[in-house]
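Contents: one structure, followed by commentary.
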Amino acid sequence: MKKILFVASEAVPFIKTGGLADVAGSLPKYFDKEKYDVRVVLPKYLCMKRPYFDQLTYKDHFYMYYNGANRYVGILTTVVDGVTFYFIDNEEYFGGDKPYGDWFWDLQKFCFFCRAALSALPVIGFQPDIVHCHDWQSGLVPVLLKDSFRGGDFFKDMKSIMTIHNLKFQGVWSIPVIQQFTGLSDYYFAPDKLEAYKDGNLLKGGLVYADKITTVSNTYAEEIKLEFYGEGLDGLIRARSNDLSGIVNGIDYDDFNPATDPHIKKNYSVDNFRKEKVKNKMALQEEVGLPVDKSKFVIGIVSRLTDQKGFDLIACVMEALCQEDTQIVVLGTGDSKYESMFRFYADKYNDRVSANIYYSEELSHKIYAGCDAFLMPSLFEPCGLSQLMSLRYGTVPMVRETGGLKDTVEPYNEYERTGTGFSFSNYNAHEMLGIVNYAKNVYFGNKKEWNRIVERGMKKDFSWSSSAKQYEALYDSLTE
Ligand code: ADP
Ligand code: GLC
């Protein structure tokens, strides 16, 4: 039995701000349980979802010297769908009403988390063969495994993997501060280690010291070798390219299943979506305050409202998108300029735009089920899960050809009658508008053809089954 520990800062069903949580919480379920014992360690945030927070059981605690003081480290645990989750408890660090916020404070608390998570392992009695780290918040772990934890027998042979979900966020501050939080010696603060452009960089530490690096799609694995997508680390990524692979994300096919989804008005499948899906569209229109009219072309957006997701393209041509035959339903929170932009148009065109500026799991499912198309024109997209959810629900994705969007959405080809969505290449608002209008032409002009696009999308398999096998092969390559 191979033992794997995921170290992550968020995971469903406990705490989620984005796709990382979907991955860290759902992927562990899909490994071959006879061969892989995959467990997850998370911070015990006070703001975690309630029924789950209350079901954690106390396991143990100890004190750990960190950043100038002896600090409490509690360990709690629970099992969900056969997967064991551990939680690192320290209310000073993990109190507060959201998991992240202030950069400086986040650095201190996630350095604490990394050190505490490793220190907890002998206490729990779980000795992983591989520690699988996700994003900058766990970037210190591969470094510690090669540094202070290396001494004893327990950690000596432990391998690590660093998975990049988003290279944009790296955990950066001045070297003295990063040195203080990590407790690492001067040796580590050189340009071939944790130093990047004269600052300390936690993700860089993970990328230098991990035994293998992965990211969440093949295209993104190639893109980050380029300056445009490399976020300053493209040189390092190129240098480590022999150890880098792209493994595309899946989604949880039980949670995201239009045939059984309890959140949606009318369940449906690939066999009856032509009749049934529209009932979800009308229910959605009613719920979000738009005229109930099945003839409208309804575009959905569920997203963090940040530059990454291409909202400046949408802002640029929003007038042109708000045609009389179109409705746009937005669900998201983020940068105030984008929140205000959608509120503005929802006010100006209250029969065409519905701006839902908050977070809601339930409404997100209703949007995936109820819209005709889903717009995701990202500037960059390591993988993207929303387009996979849309495909699963027969909602046709309209995307920019970058990262995982390029790998998972096959552009419609009217001559060969292939494709599952619509896509454009250059980061250009009018190119985006062009493919939205093209999609509308097919939708209004040839409903049969549109439904074939929907059908092809629903028939694609973006469950975890094949990607989990690729992670298994990677684990095998490190342990055999
Ligand atoms: P990212 O991780 O970059 O935010 P992904 O597409 O990988 O992008 O994953 C986003 C996840 O977060 C999806 O599960 C999506 O449904 C969800 N999500 C984003 N914003 C909201 C929101 N306001 N309400 C509910 N779910 C949201
Ligand atoms: C990140 C990326 C997104 C990816 C998710 C899960 O948040 O922005 O593209 O799907 O991580 O890997």
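The values are calculated or read from the model by the stated rules, or taken from the named source; none is laboratory data. For clarity, every value in this text was computed on a predicted model and none was experimentally measured. When we count neighbours, we look across all protein chains shown, and the Cβ atoms used for this are built from the backbone with ideal geometry, even at glycine.
Tabulated results
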item	result
Checking Phe422 against (1) surrounded by fewer than 21 Cβ atoms within 10 Å (Cβ to Cβ); (2) more than 16 Å from ligand 2 (Cβ to nearest atom); (3) farther than 21 Å from Met282 by Cα, the condition it does not meet	(1)
Candidate set: region 384-394, residues that are part of a loop (DSSP other than H, G, I, E, B) and within 12 Å of ligand 1 (Cβ to nearest atom); chosen: the one surrounded by the most Cβ atoms within 10 Å (Cβ to Cβ)	Gly384
Residues of region 405-430 satisfying the condition of being within 26 Å of the chain's Cα centre (by Cα) and either among the hydrophobic types (A, V, I, L, M, F, W, C) or in a helix (DSSP H, G or I) (or both)	Leu405, Lys406, Asp407, Thr408, Val409, Phe422, Phe424, Ala429
Residue satisfying condition, being within 16 Å of ligand 1 (Cβ to nearest atom), modelled with pLDDT of 95 or more and more than 17 Å from Gln285 (Cα to Cα), within set Glu362, Glu381	Glu381
Residue within region 350-358 that is away from ligand 1 (no atom under 13 Å from the Cβ) and touching a Pro at 6+ places or on another chain (Cβ under 6 Å) present	yes
Every residue from region 457-480 that is exposed (fewer than 13 other Cβ atoms within 10 Å of the Cβ), closer than 23 Å to Asn242 by Cβ and of a type outside the set (A, V, I, L, M, F, W, C)	Asp476, Ser477, Glu480
Tyr52 being more than 16 Å from ligand 1 (Cβ to nearest atom), farther than 30 Å from Ser185 by Cβ, outside any helix (DSSP H, G or I) and touching a strand residue (DSSP E or B) at 6+ places or on another chain (Cβ under 8 Å)	no
Candidates Lys3, Lys33, Lys109, Lys29, filtered to the one that is part of a loop (DSSP other than H, G, I, E, B) and either within 16 Å of ligand 1 (Cβ to nearest atom) or not aromatic (Phe, Trp, Tyr) (or both)	Lys33
Residue that is surrounded by the most Cβ atoms within 10 Å (Cβ to Cβ) [pool: residues in region 25-40 that are away from ligand 2 (no atom under 11 Å from the Cβ) and over 22 Å from Ala116 (Cβ atoms)]	Tyr30
Listing of helices (runs of 4 or more DSSP H) fully contained in region 191-306 that carry 3 or more residues being of a type outside the set (A, V, I, L, M, F, W, C) and either touching a strand residue (DSSP E or B) at 6+ places or on another chain (Cβ under 7 Å) or crowded, with 16+ Cβ neighbours inside 10 Å (or both)	202-209, 218-223, 273-287
Selection count where residues are of a type outside the set (D, E, K, R) and within 12 Å of ligand 2 (Cβ to nearest atom), scope region 390-412	6
Answer residue from region 294-311, given it is more than 16 Å from ligand 1 (Cβ to nearest atom) and charged (D, E, K, R) and is nearest to Pro397 (Cα to Cα) among those	Lys296
Hits in region 151-174 (condition: under 15 Å from Ser9 (Cβ atoms) and of a type in the set (A, V, I, L, M, F, W, C))	Met162, Ile164, Phe169
Looking only at region 41-59, and only at residues there that are closer than 20 Å to Asp106 by Cβ and either within 16 Å of ligand 2 (Cβ to nearest atom) or of a type in the set (Ser, Thr, Tyr) (or both), the one that is surrounded by the fewest Cβ atoms within 10 Å (Cβ to Cβ)	Tyr45
Total residues in region 126-140, condition of a type in the set (Gly, Ala, Ser) and within 16 Å of Phe87 (Cα to Cα)	1
Residue identified as over 22 Å from Val216 (Cα atoms), in contact (Cβ under 8 Å) with a residue 24 or more places away in the chain and in contact with a His (Cβ under 8 Å, 6 or more places away or on another chain) among Glu361, Glu339	Glu361
Residue in region 10-24 that is farthest from Thr163 (Cα to Cα), counting only those that are buried (at least 18 other Cβ atoms within 10 Å of the Cβ) and within 11 Å of ligand 2 (Cβ to nearest atom)	Lys16
Residues (assigned to a helix (DSSP H, G or I) and in contact with a strand residue (DSSP E or B) (Cβ under 8 Å, 6 or more places away or on another chain)) located in region 314-366	Ile314, Leu321, Tyr338, Glu339, Phe342, Arg343, Tyr345, Ala346, Leu363, Ser364
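Each row is one residue, and each column tells you yes or no for (1) more than 16 Å from ligand 2 (Cβ to nearest atom); (2) over 18 Å from Ala373 (Cα atoms); (3) within 21 Å of the chain's Cα centre (by Cα); (4) at pLDDT below 95.
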position: Val298; (1), (2), (3), (4): yes, no, no, no
position: Thr306; (1), (2), (3), (4): no, yes, yes, no
position: Leu313; (1), (2), (3), (4): yes, no, no, no
position: Ala320; (1), (2), (3), (4): yes, no, no, no
position: Gln327; (1), (2), (3), (4): yes, no, no, no
position: Tyr345; (1), (2), (3), (4): yes, yes, no, no
position: Lys348; (1), (2), (3), (4): yes, yes, no, no
position: Ser354; (1), (2), (3), (4): yes, no, no, no
